[in-house]
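S.K.: Sharing a structure with you now.
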Amino acid sequence: MKKSSWIIGSVFLFTLMLSGVASAKPIAALLFPLSGPFSAMGTDMKQGSELALEEINAKGGVLGQKAEVVMGDDEFKAPVAIRKYKEMVDGQGIKAIGGTLSGGISVAVNEWACKNKVLYMCFCHSSIPLGKEQCGYGFVSGMIPYQTGVATAKYAFQNLGKSWMIVTQDYRFGTDELSAWLTVSEKMGGKFLGNIYSPLGQVDYSAHIPKIAATNPEILVINVYGQSMDAIIKQLGEAGLTNKKMKFVIPKSHLWSIKAAGLIYNENFYGGHEYYWTLQDKFPKAKKFIEAYGKKYGVPPSQDADGGYTGTRALLEAMNAAKTTTDVAKLVKTLEGFKMDYNKGPEEFRACDHIRATSVVIVKGIGAKAKDWNFGEVVAEYPASETLESCENNKKDVPYGAVKLPGK
Amino acid sequence: MELTPTLIINQMLFGLALGAVYILMACGLTIIFGLLDVVNFAHGTFYMLGAFAAFVIVSLFGNFWLGLASAVIIVGLIGWVTETYLIKPLYGKDPLYPLMLTFGFSVAVTDLMRGIFGTIGKTVPLPQIFTGSLMWEGIFIPKYRVFIIFLTLGVLIFLWYFFKKTNLGMIIRAATRDSLMVRTLGINVPRIWTFGFALGVGLAALAGGVNSTIQSALPDMGVEMTIECFVVVVIGGLGSLGGAILGGLIIGQVISFVSLLASDWSNVAIFITMLLILLVRTRGLFGEAGRL
């Protein structure tokens, strides 16, 4: 009897302790695809957010208190993301949410955030600043997909050739990139030879290889992301297409995919990145970020890590500046035109459409010369002024939103 | 895009290679179902484990062939242990129990692998001997795909010989039809079941090892494969090895040609194919042909 009382007492005490830990009120909820086809990138994004949170807390936290941020897995599914955000908003009174890594999921989350008057900081490539998606509550710390499309297409038509074919992941991100390529192609005299839609999550592209080989474009645009990108690069290499004249342009490339491709990612590959770690040579403040990230995770930060870091840090700093964690109107107003100097020199969230005005970097593969984390060389950087449409155009979702997509 | 005879032949060859991997997977699933009546929802998980086993061994010893062989042996042993300690206690109970168990097993192991290996894809380098394609008059196929086709052919010949010509194979076939009778002959039937399960998951591991060079090994890679594998098996007819082979060939060609003509339908096409076949033959193509 005495023994059982002791056990019950201990359990009660432990529960009490746990409830004490949980009582620190979270001020933001961040979700990432930690499982599914984009999990590697989602993990990067989460790590970027963790680092930003750690830095903010080391400097005194938010409103004088240690900032608590809930982080979780959206399983790469919009319904799961919305359910989890709703639980945290309704259950814990959170008024600021962030994260997600999908053009499609971010649009769905943005719509929900708008209806519920919750601030949403999207960390990925997202079209929420465009047309009807623009509702006043969404911000993007990544970029609009068409920006990497425009930058990579401009570079390709200036330097690599004119005839092109594209493999497009069939969802919002992919079709936005396709629109950008079609628009730039028309302006710069490109010769469009065809598009292949690829279902999300596809990992065997071998059935497309005969068509690509028969079409034989000067440029093959690999407009897919996540594990699909790893797979298609490897399979093009397996078929021996990567060592010929054909050039491969990836509007949104990623460190892990380059690493996974190994020697296949040779001098014929060009990738668009919102962030590339050798930018530390250009921006002194980036060095600190890269060192801190490398020390914590043992690898350099990818563009998704930068998107997570920038979005989280900006959100928490805006809370400090606005002196509130829950007054959404004040937070939105503070973030509009919010100036930052984190990892890419001075930048801001444009007040009119809430997009982080940032550059696109083009990285060329170096094949056998790749060593450690040095996978490529930066061959061009397109500032936001060259890739981002005006506020008026974004509001009307032109010109890219007006493009007639092949097969749609 | 003009549909030339060369393009059609190329598409058929790539479809054949695609189908070969499905055949390996589906044969494993069929053996398990035929022998144990277990709907193995963890089949894709064993495929994933095969890819990771190949990755680990190739990383340690730098030998692709050793990696491939080890994938089969290591995962086969994991299958042996799984069947012995997890599935065996559920025999004779509602078929839903092993189904739920294998489903739970797949979720748990996927999460475990995510914890161990992270979420970044692991790559097994393509052996030098297989880089590039075989070409003739515009017809081409990557050397590695040729290897996959011949490997699958070799496995099928082995399975045929094993089940038709060896004592153990014949005992397994007998046990699938009447395990009680086999037991009365003094044969350790539970051991036969364990062996059959290990053989089935070993085939899934072989497919995973084979694909680890052309895809990245990822903890989630088995999810889609499980679904596609079930489609193949249902098309062929549950429990029929011949059906698994025919189902794999059909799905390989369907994916290949739909990818060429209407690429955004390639995922849906396999389900439409299954639906059409089931409308005509509700038990699949070889569903009534018996087992193994």
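The values are calculated or read from the model by the stated rules, or taken from the named source; none is laboratory data. Here the structure is a predicted model, which means the values were calculated and not measured. Reconstructed Cβ throughout: ideal geometry from the backbone, glycine too, with neighbour counts over all protein chains shown.
S.K.: In the set A:Asn116, A:Asn110, A:Asn57, which member is without any contact (Cβ under 8 Å) to a residue 40 or more places away in the chain and in contact with a strand residue (DSSP E or B) (Cβ under 6 Å, 6 or more places away or on another chain)?
M.R.: Exactly one residue qualifies, and that residue is A:Asn110.
S.K.: Sticking with this one: Got a sec? Which helices (runs of 4 or more DSSP H) wholly within the range B:169-275 have at least 3 residues that are touching a residue at least 24 places away in the same chain (Cβ under 8 Å) and surrounded by 18 or more Cβ atoms within 10 Å (Cβ to Cβ)?
M.R.: B:189-211, B:221-236, B:241-261
S.K.: Could we say that B:Met113 is within 30 Å of B:Ile192 (Cβ to Cβ) and within 14 Å of chain A (Cβ to nearest Cβ) here?
M.R.: For B:Met113, the condition - within 30 Å of B:Ile192 (Cβ to Cβ) and within 14 Å of chain A (Cβ to nearest Cβ) - is met.
S.K.: Can you find a residue that is surrounded by fewer than 23 Cβ atoms within 10 Å (Cβ to Cβ), hydroxyl-bearing (Ser, Thr, Tyr) and in a loop (DSSP other than H, G, I, E, B) anywhere in the range A:143-158?
M.R.: No, because not a single residue in the range A:143-158 is surrounded by fewer than 23 Cβ atoms within 10 Å (Cβ to Cβ), hydroxyl-bearing (Ser, Thr, Tyr) and in a loop (DSSP other than H, G, I, E, B).
S.K.: Return only the number of the condition from (1) outside any helix (DSSP H, G or I); (2) within 8 Å of chain A (Cβ to nearest Cβ) that B:Gly287 does not satisfy.
M.R.: So the condition that B:Gly287 fails would be (2).
S.K.: Among the residues of the range A:1-54, which ones are at pLDDT 50 or above and in a loop (DSSP other than H, G, I, E, B)?
M.R.: Result: A:Ala24, A:Lys25, A:Pro26, A:Ile27, A:Pro33, A:Leu34, A:Ser35, A:Gly36, A:Pro37, A:Phe38.
S.K.: Pairs only if they're at least six apart or on different chains, beta carbon under 7 angstrom, first in the range B:3-29 and more than 9 Å from chain A (Cβ to nearest Cβ) and at positive phi, second outside any helix (DSSP H, G or I) and modelled with pLDDT of 95 or more; list them, first residue then second.
M.R.: none
S.K.: Answer yes or no as to whether A:Gly48 is surrounded by fewer than 17 Cβ atoms within 10 Å (Cβ to Cβ) and of a type in the set (Gly, Ala, Ser).
M.R.: So A:Gly48 fails the test.
S.K.: I would also like to ask the following. Just checking, how many residues over the range A:358-373 are more than 27 Å from A:His125 (Cα to Cα) and in a strand (DSSP E or B)?
M.R.: Matching residues across the range A:358-373 total 1.
S.K.: Going through B:Leu246, B:Leu218, B:Leu241, B:Leu206 one at a time, which residue ends up being within 17 Å of B:Phe46 (Cα to Cα) and more than 9 Å from chain A (Cβ to nearest Cβ)?
M.R.: Result of the check over B:Leu246, B:Leu218, B:Leu241, B:Leu206: B:Leu206.
S.K.: OK, next. For residues in the range A:376-408 being surrounded by 13 or more Cβ atoms within 10 Å (Cβ to Cβ), among the small types (Gly, Ala, Ser) and more than 22 Å from A:Gln169 (Cα to Cα), which is nearest to the other protein chains (Cβ to nearest Cβ)?
M.R.: A:Gly376
S.K.: While we're on this one: Would you check if there is a residue in the range A:210-219 being at negative phi and surrounded by 24 or more Cβ atoms within 10 Å (Cβ to Cβ)?
M.R.: Scanning the range A:210-219, I find at least one residue that is at negative phi and surrounded by 24 or more Cβ atoms within 10 Å (Cβ to Cβ), so the answer is yes.
S.K.: Name the single residue, out of those in the range A:180-209 being buried (at least 24 other Cβ atoms within 10 Å of the Cβ) and farther than 30 Å from B:Leu13 by Cα, that is farthest from the other protein chains (Cβ to nearest Cβ).
M.R.: It comes out as A:Ala180.
S.K.: Looking at A:Leu263 and the list (1) surrounded by fewer than 19 Cβ atoms within 10 Å (Cβ to Cβ); (2) not assigned by TED's automatic domain parsing to the domain that holds A:Trp373, which single condition is not satisfied?
M.R.: Status for A:Leu263: all satisfied but (2).
S.K.: Hey, among B:Ile57, B:Ile74, which residue is touching a residue at least 60 places away in the same chain (Cβ under 8 Å), more than 14 Å from every other protein chain (Cβ to nearest Cβ), β-branched (Val, Ile, Thr) and under 22 Å from B:Thr110 (Cβ atoms)? Walk me through it before giving the result.
M.R.: Working: B:Ile57 fails: touching a residue at least 60 places away in the same chain (Cβ under 8 Å).
Among B:Ile57, B:Ile74, only B:Ile74 is touching a residue at least 60 places away in the same chain (Cβ under 8 Å), more than 14 Å from every other protein chain (Cβ to nearest Cβ), β-branched (Val, Ile, Thr) and under 22 Å from B:Thr110 (Cβ atoms).
S.K.: Among (1) within 14 Å of chain A (Cβ to nearest Cβ); (2) more than 22 Å from A:Ser257 (Cβ to Cβ), where does B:Lys164 come up short?
M.R.: Unmet for B:Lys164, out of (1) within 14 Å of chain A (Cβ to nearest Cβ); (2) more than 22 Å from A:Ser257 (Cβ to Cβ): (1).
S.K.: Looking at the range A:168-208 only, could you name the residues that are in a helix (DSSP H, G or I), of a type in the set (A, V, I, L, M, F, W, C) and in contact (Cβ under 8 Å) with a residue 40 or more places away in the chain?
M.R.: Within the range A:168-208, the subset in a helix (DSSP H, G or I) is A:172-188, A:206-208.
The next check asks that each one be of a type in the set (A, V, I, L, M, F, W, C); those that pass are A:173, A:178, A:180-182, A:184, A:188, A:207.
Within the range A:168-208, A:Phe173, A:Leu178, A:Ala180, A:Trp181, A:Leu182 qualify.
S.K.: Turning to a different aspect of this structure: Can you name the residue in the range B:123-135 that is more than 8 Å from chain A (Cβ to nearest Cβ) and at pLDDT below 90 and is also surrounded by the fewest Cβ atoms within 10 Å (Cβ to Cβ) among such residues?
M.R.: Ranking the candidates gives B:Gln128 first.
S.K.: Then there's this: Hey, B:Phe64 hits all of (1) crowded, with 19+ Cβ neighbours inside 10 Å; (2) more than 20 Å from B:Ile148 (Cα to Cα); (3) in contact with a Pro (Cβ under 8 Å, 6 or more places away or on another chain) but one; which does it fall short on?
M.R.: Unmet condition: (2).
S.K.: Examine the range B:137-151 for a residue that is away from chain A (no Cβ under 14 Å) and not aromatic (Phe, Trp, Tyr), and state whether such a residue exists. Before you say what the answer is, go through the steps one by one.
M.R.: Filtering the range B:137-151 down to residues away from chain A (no Cβ under 14 Å) leaves B:150-151.
Subsequent filtering for residues that are not aromatic (Phe, Trp, Tyr) retains B:151.
Yes, there is a match, as at least one residue in the range B:137-151 is away from chain A (no Cβ under 14 Å) and not aromatic (Phe, Trp, Tyr).
S.K.: Given the residues A:Leu335, A:Leu331, which is the only one that is over 30 Å from A:Leu263 (Cα atoms), under 21 Å from the mean Cα position of the chain (by Cα) and not hydroxyl-bearing (Ser, Thr, Tyr)?
M.R.: Selected residue: A:Leu335, the only one of A:Leu335, A:Leu331 that is over 30 Å from A:Leu263 (Cα atoms), under 21 Å from the mean Cα position of the chain (by Cα) and not hydroxyl-bearing (Ser, Thr, Tyr).
S.K.: Look through A:Gly189, A:Gly201 and report the one residue that is on the phi > 0 side of the Ramachandran plot and at pLDDT 95 or above. Even if it seems obvious, please write down each step before you answer.
M.R.: On the way: A:Gly201 fails: at pLDDT 95 or above.
Among A:Gly189, A:Gly201, only A:Gly189 is on the phi > 0 side of the Ramachandran plot and at pLDDT 95 or above.
Here is a yes/no grid of residues against (1) in a helix (DSSP H, G or I); (2) among the small types (Gly, Ala, Ser):
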position: A:Lys84; (1), (2): yes, no
position: A:Val89; (1), (2): yes, no
position: A:Ile94; (1), (2): no, no
position: A:Gly98; (1), (2): no, yes
position: A:Gly104; (1), (2): yes, yes
position: A:Val107; (1), (2): yes, no
position: A:Ala113; (1), (2): yes, yes
position: A:Lys117; (1), (2): no, no
